[in-house]
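Below is one structure, written out as structure tokens; comments come after it.
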Amino acid sequence: MKSLLNIVLWICVVLLVYVCYASIMKPIRFDALRQQREAAVKARLLDIRKAQSAYHLLHDGQYAASFDTLIQFVKTARLPFVLEKAGVPGESFCRDTCWVALADTLYPKGFQADSLRYIPYGKGAQFEIQVCNHEDSSGKFYDLLEIKAPLDAYLEGMDSQEVANWRAEQERQEKYAGLKIGDLETPNNNAGNWE
């Protein structure tokens, strides 16, 4: 009888150790997976920022207001590349301009421009893109850009309680609950909210 009680107690101890271990590891696993997913979303946001910066440069300070416009720009735009060649001794150099595809300049070979609109791990969810025009104190107008990925989109399928805890933590710190670049309220050079 005593040995049976000892066996039952050992089983209870092992189960309690397992429950404690699992409760400790649950948020650690969530954080590791969240960071992996956030890294993919950040990389995509940086790709979008590169495309928007090129668009802004070539379109008189305006940003693309939709992904259709931005993707078409990435697929078709060409950038001027100025080559300077040394001339004959005693003469000045000459310049020659060639045009290089924007996609070849900004992205690695095989980059799919159509993927810019989709949030990684978002199961088809798309980034939210907003552009607005502001006037500074001198009366000059400028565009502001904001592109957002709500955390519900890229953390979909993960533990709902851990996602709710993470959202609550972001809101407690008065941060956007997700990842974004740019800001419609304050010019920030299209920095990410993680930078």
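Please treat every number below as a calculation from the coordinates, not as lab data. All values derive from a computational prediction rather than experimental measurement. Every residue, glycine among them, receives a Cβ derived from its backbone with ideal geometry; neighbour counts consider all protein chains shown.
Structure above, values below:
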quantity: Residue order, fewest to most surrounding Cβ atoms within 10 angstrom, among 99, 194; calculated: 99, 194
quantity: Extension gain, residue 9 back to residue 60 (0.36 nm per residue minus Cα-Cα distance, nm); calculated: 10.8 nm
quantity: ³J(HN,Hα), Karplus 6.51/-1.76/1.60, whole Hz, each residue of segment 133-138, x for Gly, Pro; calculated: 9, 10, 10, 7, 5, 8
quantity: Cα lying deepest toward the dipole's positive end in the chain, options 25, 53, 73, charges on Cβ; calculated: 25
quantity: Angle in degrees between helix 67-76 and the longest Cα principal axis of the chain, rounded to the nearest 10; calculated: 50
quantity: Rounded tilt (10° steps) of 160-172 against the dominant C-alpha axis of the chain; calculated: 60
quantity: Cα-based helix-to-principal-axis angle, 2-58 vs the chain, degrees rounded to 10; calculated: 10
quantity: Residue pairs, from the table 123/175; 75/140; 26/50, whose Cα atoms sit over 26 Å apart; calculated: 75/140; 26/50
quantity: Extension reserve of the residue 36-residue 111 stretch, reckoned as 0.36 nm per residue once the Cα distance is removed; calculated: 24.9 nm
quantity: Alpha-carbon centroid distance for the pair segment 115-188 / segment 33-80, whole angstrom; calculated: 15
quantity: For residue 125, distant residues with modelled amide H under 5 Å away; calculated: 119
quantity: 5 Å-binned pair-distance histogram of the chain (Cα, whole percent); calculated: 1, 6, 11, 13, 13, 11, 9, 8, 6, 5, 4, 3, 3, 2, 2, 1, 1, 0, 0, 0, 0, 0
quantity: Residue with peak Gaussian network fluctuation, the chain [Cα springs, cutoff 10 Å], from 97, 69, 105; calculated: 97
quantity: Over the chain, relative contact order from alpha-carbon pairs under 8 Å, at least 6 apart, %; calculated: 18
quantity: Ranking of 68, 47 by count of other Cβ atoms within 10 Å, fewest first; calculated: 68, 47
quantity: Sequence-distant residues sharing a close amide H with residue 188 (under 5 Å, placed H); calculated: 183
quantity: Total formal charge among the other residues, if their Cβ is under 15 angstrom from that of residue 71, Lys/Arg +1 and Asp/Glu -1; calculated: +2
quantity: Dipole magnitude of segment 50-156 about its Cα centre (Cβ charges: Lys, Arg +1; Asp, Glu -1), debye to nearest 20; calculated: 360
quantity: Inter-probe distance in nm under a simple model that places probes 7 Å from Cα toward Cβ, at residue 98 and residue 21; calculated: 6.1
